[in-house]
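Taking it in order: structure first as structure tokens, then the write-up.
The values are calculated or read from the model by the stated rules, or taken from the named source; none is laboratory data. Here the structure is a predicted model, which is why all the values come from computation and not from measurement. Neighbour counts are summed over all protein chains in view; Cβ atoms, including those assigned to glycine, are modelled from backbone coordinates with ideal geometry. Side chains included, ligands, DNA and RNA excluded: accessible areas come from the protein's heavy atoms. Shrake-Rupley method; radii C 1.70, N 1.55, O 1.52, S 1.80 Å.
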Amino acid sequence: MINIKSSILIKSSIRDVWRVISEPGYLERVHPFCHKNTVLKKQDDKILKDKLIYLNGLEYIREFQYWETNKGYDLFIGKELGKKSFVRWRLSKVYDKSKLSIQIYPYRNQKIFRVLYPFAIFFLIKPQLKKYLNSVLKGIKWNIETKEIVSKNQFGNHSWFSNKTL
């Protein structure tokens, strides 16, 4: 199973980063390809399920499986009745900064012929997911360090998520 991982250092405490990434609807402030982020199910301070609507209208459901305050969370993301990718968010301390890492294990797309799949992974899926993760992480860093809301496509467009603005 392949995975794509990206990390960023943020000039802030782990507690402050956690406060941002665990708040309901936070993707609307930090995610450059997010149109809307709505909590569907919550228990105490834990998000159990939410909906992410991208700029191009694509709707994904995030279902949280693991949640540990100031450490991170695991979730499945994908279309409501479709296949889901597994995503791991983790926080750690690096000297006086916080390191936020996102690791995604994408589902296998059945539309791609098995023999072509390694090429699709290497030349299409991995680079696009890496670009996506980097943009999301830059957005979180921007929001935390500047206290400003990330603008749509702030770090460049993404062919999978930002085809149009809703």
*Test for Asn3: is it at pLDDT 95 or above, of a type outside the set (D, E, K, R) and more than 17 Å from Lys138 (Cα to Cα)*: no
*asked:* It is to be established whether one or more residues within segment 72-91 are of a type in the set (S, T, N, Q) and not in a strand (DSSP E or B).
replied: no
*When the residues of segment 38-52 are filtered to those that are open to solvent by 20 Å² or more (accessible area, probe 1.4 Å) and either outside any strand (DSSP E or B) or in contact with a Phe, Trp or Tyr (Cβ under 8 Å, 6 or more places away or on another chain) (or both), which remaining residue is farthest from Lys131 (Cα to Cα)?*
Asp44
_Output for segment 1-37, where each listed residue is in contact with a Gly (Cβ under 7 Å, 6 or more places away or on another chain) and not in a helix (DSSP H, G or I)_ = His31, Pro32, Asn37
*Check Phe86, Phe33, Phe76 and return the single one that is open to solvent by 70 Å² or more (accessible area, probe 1.4 Å) and closer than 23 Å to Ser7 by Cβ.*
Phe76
*List every residue pair whose Cβ atoms lie under 7 Å apart, where the two residues are 6 or more positions apart in sequence or sit on different chains, the first residue falls within segment 7-19 and is free of Cβ contacts under 8 Å to residues at least 60 places away in the same chain, and the second residue, located anywhere, is in a helix (DSSP H, G or I) and among the basic types (Lys, Arg).*
none
*Number of the exception - Gln110 against (1) polar (S, T, N, Q); (2) under 20 Å from Phe161 (Cβ atoms); (3) at pLDDT below 95*: (2)
*Neighbours by Cβ (under 6 Å, 6+ apart or cross-chain): first from segment 130-141, over 16 Å from Val87 (Cα atoms); second open to solvent by 10 Å² or more (accessible area, probe 1.4 Å) and outside any helix (DSSP H, G or I)*: Lys138/Phe155; Lys141/Ile8
_Of all residues in segment 1-17 being in contact with a Lys or Arg (Cβ under 8 Å, 6 or more places away or on another chain) and among the hydrophobic types (A, V, I, L, M, F, W, C), the one that is nearest to Asp45 (Cα to Cα)_ = Ile14
*Residues of segment 1-15 being open to solvent by less than 60 Å² (accessible area, probe 1.4 Å) and either under 22 Å from Gln154 (Cβ atoms) or out of contact with any Ser or Thr (no Cβ under 8 Å at 6 or more places or on another chain) (or both), which ones?*
Ile2, Asn3, Ile4, Ser6, Ser7, Ile8, Ile10, Ser12
*Only residues that are touching a strand residue (DSSP E or B) at 6+ places or on another chain (Cβ under 8 Å) and either under 15 Å from Asn70 (Cα atoms) or at pLDDT below 95 (or both): list them for segment 17-41, please.*
Val17, Trp18, Ile21, Ser22
*Given the conditions (1) surrounded by 18 or more Cβ atoms within 10 Å (Cβ to Cβ); (2) free of Cβ contacts under 8 Å to residues at least 40 places away in the same chain; (3) under 17 Å from Phe161 (Cβ atoms), which single one is not true for Phe64?*
(3)
*For the subset of segment 154-165 comprising residues that are farther than 21 Å from Leu9 by Cβ and open to solvent by 30 Å² or more (accessible area, probe 1.4 Å), which member is nearest to the chain's Cα centre (by Cα)?*
Trp160
